[in-house]
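The values are calculated or read from the model by the stated rules, or taken from the named source; none is laboratory data. Treat the numbers as computed from the prediction; the structure is a model and nothing was measured. Don't worry about glycine lacking a Cβ; one is built from the backbone with ideal geometry, like all the others, and counts go over all protein chains shown. Side chains included, ligands, DNA and RNA excluded: accessible areas come from the protein's heavy atoms. Shrake-Rupley method; radii C 1.70, N 1.55, O 1.52, S 1.80 Å.
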Amino acid sequence: HSRLVLYKRIASAKDQTELRDLQVEMIDRFGLLPEATKNLFEITELKLRAHPLGIRKIEAGPKGARLLFDENPKLDPAILIGLIQSRPNTYKLDGSDKLRYIADLEAPDRRVKKIHTLLDSLID
């Protein structure tokens, strides 16, 4: 039961500081975190980074990812267009509210890192 409460606290963290504090608390209480818990922290961090950009959902799998944007995303459209034009075989618009990212994301740890890199490229 207490593990479920901790998982809910991770998933509902308001910002990266709260998330890091919770991670430190869990390591202090339980020692090294299991892989599933580390993954939950990483996914929650992605969510916290994506939300301010107007990204409402990230879908990722072995062959790539899709970013689903809010009705009014909070990112520079010129950056998005430049990204697509610079690598049209990697980035494609899928409708008016989705960006498809085509890449080898077979390994889950690589998947998270690549999506962080994608978010970085949307900010710059």
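Key figures for this structure:
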{"read-out": "Helix 77-86 axis, angle to the chain major axis (alpha carbon atoms, nearest 10°)", "value": "70"}
{"read-out": "Highest-MSF residue in the chain out of A60, A36, A13 [GNM, Cα springs under 10 Å]", "value": "A36"}
{"read-out": "The chain, relative contact order in percent, only Cα pairs under 8 angstrom and at least six apart counted", "value": "22"}
{"read-out": "Accessible solvent surface per residue of the chain, calculated while the other protein chains remain in place, 1.4 angstrom probe, Å²", "value": "64"}
{"read-out": "With every protein chain in place, the chain: carbon and sulfur % of accessible area (1.4 Å)", "value": "54"}
{"read-out": "Nearest-0.05 FRET efficiency for D28 and A107, computed from C-beta distance (R0 25 Å)", "value": "0.30"}
{"read-out": "Relative contact order (%) - region 10-60, alpha-carbon pairs under 8 angstrom, separation at least six", "value": "43"}
{"read-out": "Estimated FRET transfer efficiency (Q85, R56; beta-carbon r; R0 30 Å; 0.05)", "value": "0.80"}
{"read-out": "Trypsin sites (Lys or Arg not before Pro), loop per DSSP, at most 13 other Cβ atoms within 10 Å - longest free stretch of the chain", "value": "75-124"}
{"read-out": "Per-pair calculated FRET efficiency, R0 = 25 Å: R9 and S121 via Cβ, rounded to 0.05", "value": "0.25"}
{"read-out": "In degrees, nearest ten, helix 16-30 long axis to first principal axis of the chain (Cα)", "value": "40"}
{"read-out": "Cα long-axis angle, helix 2-11 against the chain (0 to 90 degrees, to the nearest 10)", "value": "30"}
{"read-out": "Estimated inter-spin distance, Q16 and S96, nm [label 7 Å along Cα→Cβ]", "value": "3.2"}
{"read-out": "Per-selection Rg to Rh, the chain - Cα, Kirkwood hydrodynamic radius", "value": "1.02"}
